[in-house]
Amino acid sequence: MNRRTGLLFVTPALALFGVFVLYPMVTAFSYAFYDWQGTARGGFAGLENFTALFTRAPFTTDLPRALLHNVLFFVGTMLVQNTIGLTVAFLLHRRVRTRRALQTLYAMPYLVSPIVIGYLWTLLLSPTFGPVNTLLTKVGLESWALPWLGDPDTALWVVILVSVWQWIGFPVLLYGAALGGVPEELSEAARVDGASHAQTFRRVTFPLLVPAIGTVSVLTFIFAMEAFALPYAFGGSTGNPAGSTDFISLLFYRTAFDSGATDAIGTSSALATLLFVLIFGGAYAATAVLRRHERRITA
Amino acid sequence: MSVVPAGIGTADEPADVTPATGDGGPGSGAPRRQRARGRTAPVGGRTASVALWVYAAFALVPLLLMLSSSFRSNGDLISNPLGAPWPLSFDAYEEAWTAGNFATYFGNSLLVTLGAVVLSTTVATMASYALARGRSRIFRWLESLFLSGLMLPIHLAILPIFYLFDGVGLVDSRLGLALLYGASGVPFSIFVLTTFFRQLPEELEEAATLDGASAWQTFSRIMVPLVRPALATVAVFRFVPIWNDFLFPLVLLRDDAKYTLPVGLTQFFGENATNYAAVFAGLVITTLPLIALFLVATRQIVAGLTAGMSK
C-alpha cells in the first residue's frame, strides 16, 4: 500500500479522533489559564485559577476531603483486590473444568452500569425495607442492622466495598492469565529442590506475577481517581451524607455545572488539569518502576 | 500500564493452553501420568472449591435479588423484602416501561450505542489496516498518536466538549453523543485491530494486487473478513462502557425525550424512590441487554478485558 492510499484510509479516524478527543483534551488545559466571566474568556490569568483551589471556599474544605476519599478508595480497592483477587485467581488456576464458569460468574457485576449498581445497593441497604438488614436481623445480628449509607462514618466504606464487589472479576481474570503464563517447569523445579508450596509461591510464582499486579494497580489508580458514577448514585453530586462520599470528579462536576460562580469555567478547568496531572503522573511513575522490575526478571 | 501489543489473540491463550500441558497425553506411561496429575491438582482441594462457589453466589445474589424483586408488587416488597416473586407480577415493568418512559430511554441508548460502535469500528478498521501495512514513518507516528488516547481521561474534557457542541448545535443531540463515543472508541479499536492486521501474511495482498484488485477491494473483500473475530471483540467490548456511560449524557442532554438509560434511570429514581418495585424493574431494563450480550459473547468480552496484557 502506498503512502497516499494509506493516509486516505487513516483520515476518517484521524478527523473523528482529532475533533472530539484531541482538540477538547488540549483546550481543556488552556481553559485553566484564562480569566473567565461566565462563558466569556478574558485575559491570560497565569496560575490564578489554581491558587483559587487552595485559598478559596468551598475548595479549601472540599478539595482535601475529596482527595482523601479518592486515595482511600484506591488503597481500599488495592488491598482487597490484591488479597482476595489474587487468592481467588490462585485457587482457580488448574481447575480446568470449572474455571471458565466461575470466572464468568465473577465478571458478571462488572457489566452492570455503576449507576445501576449504586441504586441497587442503595435499595438493598435501605434501613426501612432493605433485604440486607432484614437478613441480618433474621440471623440474630440486629446490632449490625444499621443505616450503613446514612451514617457518614460508614458510607464511604460501603461505596468502596460495593465498587470492589463489582470489579473483582477483572483482577481475577488478569491474574489468572498471568498465572497461566508462568512456566510450570519453574515451580516444578523449585518443588524438586525441596521447596514447600508456600516457598514456591513466594519465591518463584509471585515475582513473576509482579508485572500483572503492577498493571492492575495502575488501572485501579486511574479508575479510583476518576470515580464518578458510582458515588453519584450513592450520594448525589454533593456526596451525601455530609460530604462523606465526595470525590474529586463530583467536586469538579459541582464547580463546573452547579456552582453558579462567574469564574466556574476557570476554576473547574484548573481542577480538571490538576486531576489529569495526578492521574498521568501517578500512572507514569508506576509504569516506570514496573518496567525496571520487568527488565530485572527477564534479564 | 503495559501497552505492549501482545495481541488480543493471546488473551484467551493461557486458559486454552494450560489444560493441554496438564494432561500427560494419551501416549504417556502410567508413572508419568501420575506425576502429571499430582502437578496439576487444584490448590486447596474441596474446601477451596466450596469457597469459590460461595464467592460466586456472593457475586450473583444481589443481581438475582434485583431480578426477583422486579417481579413483585411494591406492597409485597415492603412487607417482606426477601419473599419469593410468586405469583409473578409484571406491573412494575409496565409502570417503568410506559409511565416511567423507559421505552424512550431504551430506544435512545440503543441508537446512540449502536451508532457509536458502528462508527468507531468502521473508521478504526480502515485506519488500522493502513497503520499495519504503511511503511512510511508517518504511520508509526500516527499510530502512537492514536494509542496515546488509550490513557486520556476523556471525561475531564467535558467543558471544552460542551462548548464545542454548543458552537455547532450538537448539545442536546443524540447524534453528538454518538460521534463523541465513536471518537473515544478509536484508540482501543485501533490498538486491537492493528495487531490483528499485522498477523496476516502480506502475500494475500500481493496476490490480490496481481489479480488486479484495487486497494479498497483488497481491504474490504479480503482483509476485513479475515479479522472478523477481532471486529467482534472490539464491537462487543466497546458496547458496554458506552451503554453504561453517565457523565456525558448527564451534561450534554437536556430534553428528557433524548435521555439514555443511566440518566433516565437517575431521573426516575429521584421521582419514585419509594416505588421500589418499579425502580427494580428500571434497573433490570437497563441491565438486560448487557447480560444478553454477555451470554452470546463471553469470549469477546473476556478477550477485551485482558487485551494488551503482556505475558
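The values are calculated or read from the model by the stated rules, or taken from the named source; none is laboratory data. Because the structure is a prediction, the values reported are computed rather than measured. Using ideal geometry, Cβ is built from the backbone for each residue, glycine included, and neighbour counts are taken over all protein chains shown. The protein model used for the area step is the full one, side chains on, heavy atoms only, and it has no ligands, DNA or RNA in it. Shrake-Rupley method; radii C 1.70, N 1.55, O 1.52, S 1.80 Å.
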Members of the range B:64-88 found to be touching a residue at least 24 places away in the same chain (Cβ under 8 Å) and open to solvent by less than 20 Å² (accessible area, probe 1.4 Å), listed by number: B:MET66, B:SER69, B:SER70, B:ARG72, B:LEU77
Unique residue being open to solvent by less than 20 Å² (accessible area, probe 1.4 Å), among the β-branched types (Val, Ile, Thr) and either in contact (Cβ under 8 Å) with a residue 60 or more places away in the chain or within 10 Å of chain A (Cβ to nearest Cβ) (or both) when the list is B:THR298, B:THR266, B:THR286: B:THR286
Within the range A:1-49, tally of residues that are without any contact (Cβ under 8 Å) to a residue 24 or more places away in the chain, of a type in the set (S, T, N, Q) and part of a helix (DSSP H, G or I): 4
Residue satisfying all of: in the range A:12-32; at pLDDT 95 or above and more than 8 Å from chain B (Cβ to nearest Cβ); most open to solvent (accessible area, probe 1.4 Å) among these: A:ALA15
Residue match in the range A:88-109 (condition: open to solvent by 20 Å² or more (accessible area, probe 1.4 Å), among the basic types (Lys, Arg), more than 8 Å from chain B (Cβ to nearest Cβ) and farther than 22 Å from A:PHE228 by Cβ): yes
Scope the range A:265-283; condition more than 9 Å from chain B (Cβ to nearest Cβ) and surrounded by fewer than 21 Cβ atoms within 10 Å (Cβ to Cβ); matching residues: A:LEU274, A:VAL277, A:LEU278, A:GLY281, A:GLY282
Flag for B:GLY304 being open to solvent by less than 10 Å² (accessible area, probe 1.4 Å), more than 27 Å from A:SER126 (Cα to Cα) and touching a residue at least 24 places away in the same chain (Cβ under 8 Å): yes
Residue match in the range A:166-185 (condition: surrounded by fewer than 16 Cβ atoms within 10 Å (Cβ to Cβ) and part of a helix (DSSP H, G or I)): yes
Hits in the range A:129-177 (condition: over 27 Å from B:LEU305 (Cα atoms), within 11 Å of another protein chain (Cβ to nearest Cβ) and either among the hydroxyl-bearing types (Ser, Thr, Tyr) or under 16 Å from the mean Cα position of the chain (by Cα) (or both)): A:THR134, A:THR137
Within the range B:251-263, tally of residues that are facing chain A (nearest Cβ under 8 Å) and surrounded by fewer than 22 Cβ atoms within 10 Å (Cβ to Cβ): 1
Hey, A:THR104 at pLDDT below 95, of a type in the set (S, T, N, Q) and within 27 Å of the chain's Cα centre (by Cα) or not: yes
Pair list, Cβ < 8 Å and 6+ apart or interchain, from the range B:179-207 residues that are within 13 Å of another protein chain (Cβ to nearest Cβ) to residues that are of a type in the set (Asp, Glu): B:TYR181/B:ASP245; B:ILE190/B:GLU143; B:THR194/B:GLU143
Residues of the range B:160-202 satisfying the condition of being crowded, with 21+ Cβ neighbours inside 10 Å and not in a helix (DSSP H, G or I): B:GLY185
Complete set of residues in the range B:136-154 that are touching a helix residue (DSSP H, G or I) at 6+ places or on another chain (Cβ under 7 Å) and more than 10 Å from every other protein chain (Cβ to nearest Cβ): B:LEU147, B:LEU150
